[in-house]
Amino acid sequence: MYFWSVLNIMASYFLLISLYQRIYAGKFIIKTKRKKISLFYTTMLVLASCSVIISFLYYLEGRYKDNYITYNLQGIFWIQMGITYFLGRLSLGIAKGGIYSDVNSKFSHFTKWDKIKSYKWISDNVIRFETLMGKDSISNIELEVNSEQKEEVDKFLKEKLLK
């Protein structure tokens with residue numbers, strides 16, 4: 001039971017960070033593409049949610065008292081991880097608070113405007129951002145946009161980064 005309690009605390013922390021980033025980022029100015037959400041993960045989230053609800057209903061009916069807390073802690077953990085996964089798979093693009101970029105193939109990463117040093121167009125539809133990642137550590141992040149949105153994106157980025 002303690003193991004699942006600790007895992008739930010960690011999962012709650014990651015979920016709160018993901019929710020904070022979504023709230024801080026604000027409305028998308030330019031959406032570039034949406035990552036596909038796997039049918040497997042969607043099914044697992046629905047099954048975990050149903051399992052927790054059914055377990056809770058059985059507990060209320062008095063069907064079983066043993067291991068109720070452990071079963072529900074496991075289910076709540078998987079629900080939290082599923083929601084965190086879905087938040088990480090949302091659209092890529094430019095938001096009011098920063099940019100969402102594709103750091104790896106599974107999750108998007110949010111970078112605040114104050115962490116972005118500069119940007120450069122490397123092709124007609126790809127922007128490379130120089131971002132500060134830590135102590136004197138600079139990383140390059142690429143973001144693909146529609147060619148039709150290039151002028152709008154360029155205008156917005158100049159406005160944001162020249163402040």
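The values are calculated or read from the model by the stated rules, or taken from the named source; none is laboratory data. The structure displayed is predicted, hence computed values, not measured ones. Every residue, glycine among them, receives a Cβ derived from its backbone with ideal geometry; neighbour counts consider all protein chains shown. Protein only, heavy atoms only, side chains kept; ligands, DNA and RNA dropped before computing areas. Shrake-Rupley method; radii C 1.70, N 1.55, O 1.52, S 1.80 Å.
Figures for the structure shown
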read-out	value
Within region 122-153, tally of residues that are open to solvent by less than 40 Å² (accessible area, probe 1.4 Å) and more than 14 Å from residue 93 (Cβ to Cβ)	2
Which numbered condition residue 161 fails, given (1) of a type in the set (A, V, I, L, M); (2) in contact with a Lys or Arg (Cβ under 9 Å, 6 or more places away or on another chain); (3) free of Cβ contacts under 8 Å to residues at least 40 places away in the same chain	(3)
Selection count where residues are open to solvent by less than 100 Å² (accessible area, probe 1.4 Å) and touching a residue at least 24 places away in the same chain (Cβ under 8 Å), scope region 1-23	11
Which numbered condition residue 32 fails, given (1) within 30 Å of residue 151 (Cβ to Cβ); (2) open to solvent by 40 Å² or more (accessible area, probe 1.4 Å); (3) of a type in the set (Ser, Thr, Tyr)	(2)
Residue within region 86-100 that is under 20 Å from residue 31 (Cα atoms), open to solvent by 90 Å² or more (accessible area, probe 1.4 Å) and either of a type in the set (Gly, Ala, Ser) or assigned to a strand (DSSP E or B) (or both) present	no
Options 144, 152, 61: the member that is under 30 Å from residue 5 (Cα atoms) and acidic (Asp, Glu)	61
Residue 119 farther than 28 Å from residue 40 by Cβ, touching a Leu at 6+ places or on another chain (Cβ under 9 Å) and open to solvent by less than 100 Å² (accessible area, probe 1.4 Å)	yes
Only one of 143, 132, 90 that is of a type in the set (A, V, I, L, M) and modelled with pLDDT under 80	90
